[in-house]
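Each remark here refers to the structure printed beneath this line.
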Amino acid sequence: PPEVRCHELLAHLLSDPDPQVVRAAAIGAGRARQRHLLPQLLELAGDRLFRTEAGQALAAFGPEILPELQRALLDPGLSGTARRNLPRVLSFIGGQRAAEVLAVCLDQPDLALQYQALRALSRIRLRQPDVRFESERITPLVIQELRRYYVYRSALLGVAQDGRQPAGAFLRRALTEQLQRRLDAVFRLLSLLYPAKDILDAYYSISSGRRDLRANALEFLDSTLQNPVRQMLLPVVEDRGA
């Protein structure tokens, strides 16, 4: 029970030099749900050794700590690694309020945090289709990602393909990875507005390399999406099948 006095020891055990003790203390902190332990758990969420147990402990608190998690996500004093691990915690909590906290991260300058928040949001939508977002909030972000895609695509077309220059080969790989990341972000954003499973299935069909699946996905997107997103995205899908 929360009032058991031995819970006072958890604060000390969370700083124990033995990693196994810290992991066990994090699990105990999640079960005890002692709010004064939140700062320690948030710090542990940024440590590779303890982030799993710390994340599980934070999720165990449930929706009651959403305000604290939102402040932590936007806190420049908290390590970037810790903040990037918090979206997964919010995806475990789930629900409309957790999704709205995650949506705040979509405007943050930390692109890695943006991406982790977007992945968490798509997981919530898959499990809870009733979670909703305003098109006016998400559509501009989709267009922004598509514009980034076109910029990277133009840059990639300008890199020589002869393979004789290692720097050129490295640049092509980097740009190709960015194209994949931007397209992934586009479809995850779309999954916040349209049936998530259908949108993500279309994305996997496009990425599969199979012409029949890509054709089906193209037909689905053409009949589902609205302009200007449709006008910008369909050429990208067609180009990937060329």
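Other residues whose C-beta falls under 10 angstrom from the C-beta of ALA196 contribute a net charge of +3, scoring Lys and Arg +1 and Asp and Glu -1.
Rounded to the nearest 20, the size of the Cβ-charge dipole of the chain about its Cα centre is 460 debye, with Lys and Arg at +1 and Asp and Glu at -1.
Sorting GLU68, GLU136, GLU43, GLU145 on solvent-accessible area from highest to lowest, probe radius 1.4 Å, gives GLU136, GLU43, GLU68, GLU145.
In angstrom, the C-alpha Rg and Dmax of the range 1-94 are 12.2, 34. Dipole magnitude for the range 120-209: computed about the Cα centre from +1 point charges on Lys and Arg Cβ and -1 point charges on Asp and Glu Cβ, it is near 220 debye.
So what is the accessible area of the range 29-175 per residue, in Å², with the probe set to 1.4 Å?
Averaged over the residues of the range 29-175, the accessible area is 53 Å².
Rounded to the nearest 20, the Cβ-based charge dipole of the range 198-242 about its Cα centre (Lys and Arg +1, Asp and Glu -1) stands at 120 debye. Excluding ARG88 itself, what net charge comes from residues whose Cβ is under 11 Å from its Cβ, given Lys and Arg +1 and Asp and Glu -1? Net charge in that neighbourhood comes out at +4.
Full extension of the chain segment joining LEU13 with ASN216 gains 67.5 nm, where the gain is 0.36 nm per residue of separation less the Cα-Cα distance. Here the range 89-217 exposes an accessible surface that is 52 percent carbon and sulfur, computed with a 1.4 Å probe and the other protein chains kept in place. The 1.4 Å probe gives accessible areas that order THR81, THR224, largest first, as THR81, THR224.
The per residue volume of the convex hull around the alpha-carbon atoms of the range 177-242 is 77 Å³.
Overall, the anisotropy analysis places the range 52-104 in the oblate class: the square-rooted eigenvalues a ≥ b ≥ c of its C-alpha gyration tensor yield a/c not less than 1.5, with a/b not exceeding b/c.
The values are calculated or read from the model by the stated rules, or taken from the named source; none is laboratory data. Here the structure is a predicted model, which means the values were calculated and not measured. Neighbour counts run over all protein chains shown; Cβ positions are idealised from the backbone, glycine included. Ligands, DNA and RNA are excluded from the accessible area calculation, which covers all protein heavy atoms including side chains. Shrake-Rupley method; radii C 1.70, N 1.55, O 1.52, S 1.80 Å.
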